[in-house]
Amino acid sequence: MKTNRNALRVRCATLLLLATALFLRAQSITNASFAPKPVPLMQVIPLPLDQVSFQRDGTEIARYYFATNLARPFLYPIIGPSGRSLTRMGHPHDPETHSHHNSVWISHAAVNGLSFWEDRGPGKIVHQRVERLEDGPEECALVVYNAWRAENRVLLYERRQMTARNLPNHEWLLLLDLHLEANGDEVTLGQTAFGLLGVRMAKTIGVLDGGGTLRNSEGGQGETAIFRKPARWMDYSGPITATAAEGITLLDHPINLNYPSVFHVRNDGWMGAALTFPGKFKLAPGKPLRLRYGLYIHAGIPAPQQIEACFTNFTNATPPNLTQRVKP
């Protein structure tokens with residue numbers, strides 16, 4: 001009888017130890033499952049009224065506007081290291097006829113002879129859908145799908161990826177990747193200085209209003225020397241606070257049509273990459289046009305060597321494949 005009781009006690013003790021071990025293991029798995037994950041430094045945050053905010057550590061550095069009643073989507077502001085926008089909405093001295101100068105935008109002045117450039121033109125770039133929002137420790141990205149419409153039909157479909165990449169010292173890089181495809185019929189992008197990418201700088205950065213500087217990769221400086229000249233990059237820098245100068249370098253990419261791009265620049269605070277200034281381009285159905293641009297948002301007026309280092313990193317990175325719909 002005593003032997004049976006001892007055996008029972010041993011069995012109970014063994015079962016208790018086993019149950020405790022299983023409980024502790026389950027608790028360990030539960031704790032691991034619910035352990036907090038790192039909060040991404042770079043985030044894209046959807047906002048009301050068809051807007052998306054690009055944020056670094058909770059602070060906005062850019063915002064994308066895509067309401068369908070707009071003539072085209074655009075990015076504003078583009079925040080520099082000082083916390084102020086390095087771009088503006090509209091021409092500082094001609095806001096009416098240059099109302100299309102919306103900070104940073106994509107459009108073209110001659111698509112099958114129709115202008116998508118001016119607000120009064122027949123062409124509209126109409127948002128269709130958001131395909132992906134992605135956060136990360138070093139960069140965040142937004143992918144959208146747009147229709148280029150004119151005269152009650154879609155001429156082009158465009159998939160666009162916008163990526164904000166963190167850089168040291170509160171600088172950052174904005175990457176614009178585009179995939180343009182003709183809708184059924186051949187589309188001609190005509191010869192023009194206006195399109196595909198425009199940047200309207202803050203008033204104080206402009207040469208005329210703020211005493212800023214215009215430089216390109218070929219060593220040219222000032223509007224007269226670099227107006228409509230090909231270059232790998234174009235830099236516009238100038239005063240943004242009482243004590244700080246900042247700017248944006250517009251980077252062309254070797255995969256782009258007519259690389260190195262002709263740049264249309266003005267002393268009043270404007271620069272743009274003129275994709276088809278050398279001549280018209282026919283976009284055949286099933287043969288999409290792939291493009292990549294970069295905007296280096298920087299402090300000070302960097303030496304050319306510093307911009308070249310950024311340009312090298314920009315060109316060495318592999319562009320995303322935007323051929324198919326991007327899944328979340």
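Were the residues from R129 through E308 laid out at 0.36 nm apart, the gain over their Cα-Cα distance would be 60.9 nm. Modelled spin-label separation between K287 and T241, with each label point placed 7 Å from Cα along the Cα-to-Cβ direction: 5.2 nm. The alpha carbon gyration tensor of region 35-174 gives principal lengths a ≥ b ≥ c with a/c of 1.5 or higher and a/b no greater than b/c, which makes the shape oblate. How far, in degrees from 0 to 90, does helix 304-316 lean away from the longest principal axis of the Cα atoms of the chain, to the nearest 10? Long axis of 304-316 versus the principal axis of the chain: about 60 degrees.
For region 248-310, relative contact order (Cα pairs under 8 Å, six or more residues apart, normalised by length) works out to 43 percent. What shape does region 135-223 take by its C-alpha gyration tensor, where a ≥ b ≥ c are the square roots of the eigenvalues and a/c under 1.5 counts as rounded, a/b above b/c as prolate, and the rest as oblate? Oblate, since a/c reaches 1.5 and b/c is not below a/b. For region 112-246, a crude dipole built from +1 on the beta carbon of Lys and Arg and -1 on the beta carbon of Asp and Glu, taken about the Cα centre, is about 320 debye to the nearest 20.
When each of the peptides 179-187, 249-257 is scored by the mean number of other C-beta atoms lying within 10 Å of its residues, the order from highest to lowest reads 249-257, 179-187. The smallest convex shape that holds all Cα atoms of the chain, its convex hull, gives 194 Å³ per residue. Placing pseudo-labels 7 Å out from each Cα toward the beta carbon at I45 and D57 gives an inter-label distance of 1.5 nm.
The convex hull built on the alpha-carbon positions of region 183-308 has an orientation-averaged projected area of 7.8 nm².
Note that region 152-164 has calculated 3J(HN,Hα) couplings of 6, 8, 8, 8, 9, 10, 10, 9, 10, 10, 10, 10, 9 Hz, one per residue in order, obtained from phi through the Karplus relation 6.51 cos²θ - 1.76 cosθ + 1.60 (θ = phi - 60°); glycine and proline are x.
Separation of region 283-309 and region 62-100, taken as the distance between their Cα centroids, equals 19 angstrom. Over the chain, Cα pairs under 8 Å with separation of 6+ residues give a relative contact order of 15 percent. The label-point distance for M89 and T188, in a model that sets each label 7 Å from Cα toward Cβ, rounds to 3.6 nm.
Each Lys and Arg adds +1 at its Cβ and each Asp and Glu adds -1 at its Cβ; summed about the Cα centre, region 197-328 shows a dipole of about 800 debye.
Give me the number: length gained by fully extending T315 to E118, i.e. 0.36 nm times residue separation minus the C-alpha to C-alpha distance, one decimal in nm.
67.8 nm
With the charge dipole of region 128-181 set up from +1 on Lys and Arg Cβ and -1 on Asp and Glu Cβ about the Cα centre, the Cα lying farthest toward the positive end among the listed residues V144, Y157, L174 is that of Y157. Helical content of the chain, expressed as a calculated mean residue ellipticity at 222 nm, amounts to -5000 deg cm²/dmol (DSSP H runs of 4 or more residues, -39,500 (n - 2.57) each, divided by residue number, nearest 500). Here R84, R120 are placed in order of increasing Cβ neighbour count within 10 Å, fewest first, which gives R120, R84. Working note: Karplus 6.51/-1.76/1.60 with θ = phi - 60° gives region 67-74 the couplings 4, 6, 8, 7, 5, 6, x, 7 Hz, where Gly and Pro are set to x.
A short reminder: the numbers here are calculations on the coordinates, not readings from a lab. No experiment lies behind these values; they were computed from the predicted model shown. Don't worry about glycine lacking a Cβ; one is built from the backbone with ideal geometry, like all the others, and counts go over all protein chains shown.
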